[in-house]
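The structure under discussion appears below in the form of structure tokens.
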Amino acid sequence: MARIGLFGGSFDPVHVAHLILAECARDQGALEKVLFVPARQAPNKPDVPLAPAGERLRMLQLAVAQNPYFEVSTVELDREEPSYTLLTVRQLKEALGRDCRLCLVVGTDSILDMPHWWHAEELIREVEVLALERPGFPLRDLRRFRSCFGAEAEARIRKSVVKAPLLEVSATEIRQRLRQGRSIRYLVPERVRDYILAHGVYLL
């Protein structure tokens, strides 16, 4: 059964840490491929303005173009409703068929917040979760996670931690640098940097 990773986010913009984390998840999680799933609007951040979906999508496509194991899915951009992960998982399961096992690639910061996700208990039952270590969010204390999902789910999370370089690169910092006229070289793929500068993304 093919194992497919789902890596969601706003990708505003996609940066090198996203790509490194996805590659580590692919390698350590024995994934056949990783689907990057840009959100139309994150349900937990309804008031946070994002760059237009088309621009975020194009930057993501440029970023993954040279990796044969990476693809971009527009499943959430094509929906009008908020980007609830459970809806995305069910839609992709229907599209990919029963021969695929979906693995949700999630940062440890988001895992600690998972009890607040929309229909989180159903989501945990439908997918395997690969936990990406994030700076400042170690998985030492999962009491709230355990109380919501049970000891078995907690044990699975602890066994699925993906080790990756803890790069403190953020999309917020990249946007700030652009508005200040500072360099973003090496923080984003060169193709993405060229697109941003050519189209004036984030410069207004």
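The values are calculated or read from the model by the stated rules, or taken from the named source; none is laboratory data. Not measured: the values here are computed from a predicted model. In this analysis, Cβ positions are derived from the backbone assuming ideal geometry, glycine residues included, and neighbour counts consider all displayed protein chains.
For the residues Pro138, Pro115, the requirement of being in contact with a helix residue (DSSP H, G or I) (Cβ under 8 Å, 6 or more places away or on another chain) and either among the aromatic types (Phe, Trp, Tyr) or surrounded by fewer than 14 Cβ atoms within 10 Å (Cβ to Cβ) (or both) singles out Pro138.
Does the range 103-111 contain at least one residue that is of a type outside the set (A, V, I, L, M), at pLDDT below 90 and closer than 21 Å to Val64 by Cα? Don't jump to the end; show me each part of the working.
Going through the range 103-111, the residues of a type outside the set (A, V, I, L, M) turn out to be 103, 107-110.
With at pLDDT below 90 added as a condition, the list becomes 107-110.
Remaining after also requiring closer than 21 Å to Val64 by Cα: 107.
Scanning the range 103-111 turns up at least one residue that is of a type outside the set (A, V, I, L, M), at pLDDT below 90 and closer than 21 Å to Val64 by Cα.
Applying the selection to the range 164-191, what residues are of a type outside the set (A, V, I, L, M, F, W, C), under 17 Å from the mean Cα position of the chain (by Cα) and at pLDDT 90 or above? Working first, answer last.
Initial filter on the range 164-191 (of a type outside the set (A, V, I, L, M, F, W, C)): 165, 168, 170, 172-173, 175-177, 179-183, 185-186, 189-191.
Filter once more, keeping what is under 17 Å from the mean Cα position of the chain (by Cα): 165, 168, 170, 172, 189.
Those that are of a type outside the set (A, V, I, L, M, F, W, C), under 17 Å from the mean Cα position of the chain (by Cα) and at pLDDT 90 or above: Ser170, Thr172, Pro189.
Scanning the range 112-151 for residues that are within 15 Å of the chain's Cα centre (by Cα) and within 17 Å of Ala17 (Cβ to Cβ) returns Leu130, Ala131, Leu132, Glu133, Arg134. Looking only at the range 3-21, residues that are closer than 22 Å to Arg90 by Cβ and among the aliphatic types (A, V, I, L, M) come to 2 in all. Residue by residue through the range 147-166, note down the ones that are of a type in the set (A, V, I, L, M, F, W, C) and in a helix (DSSP H, G or I). Correct list: Cys148, Phe149, Ala151, Ala153, Ala155, Ile157.
Quick check on the range 120-146: of everything there that is assigned to a helix (DSSP H, G or I) and closer than 15 Å to Ser110 by Cβ, which residue is modelled with the lowest pLDDT? I'd like the intermediate steps shown before the answer.
Taking the range 120-146 as the starting set, the residues that turn out to be assigned to a helix (DSSP H, G or I) are 120-126, 143-146.
From the residues that got through so far, the ones that are closer than 15 Å to Ser110 by Cβ too are 120, 123-124, 144-145.
On the way: Ala120: 92, Leu123: 93, Ile124: 92, Arg144: 78, Phe145: 81.
For the range 120-146, the residue satisfying everything is Arg144.
Scanning the range 167-204 for residues that are among the basic types (Lys, Arg) and in a helix (DSSP H, G or I) returns Arg175, Arg177, Arg179, Arg191, Arg193.
Residues that are aliphatic (A, V, I, L, M), surrounded by fewer than 20 Cβ atoms within 10 Å (Cβ to Cβ) and in contact (Cβ under 8 Å) with a residue 60 or more places away in the chain within the range 20-34 comprise just one, Ile20. Just a yes or no: is a residue in the range 46-67 touching a helix residue (DSSP H, G or I) at 6+ places or on another chain (Cβ under 6 Å) and outside any helix (DSSP H, G or I)? No, the conditions are met nowhere in the range 46-67.
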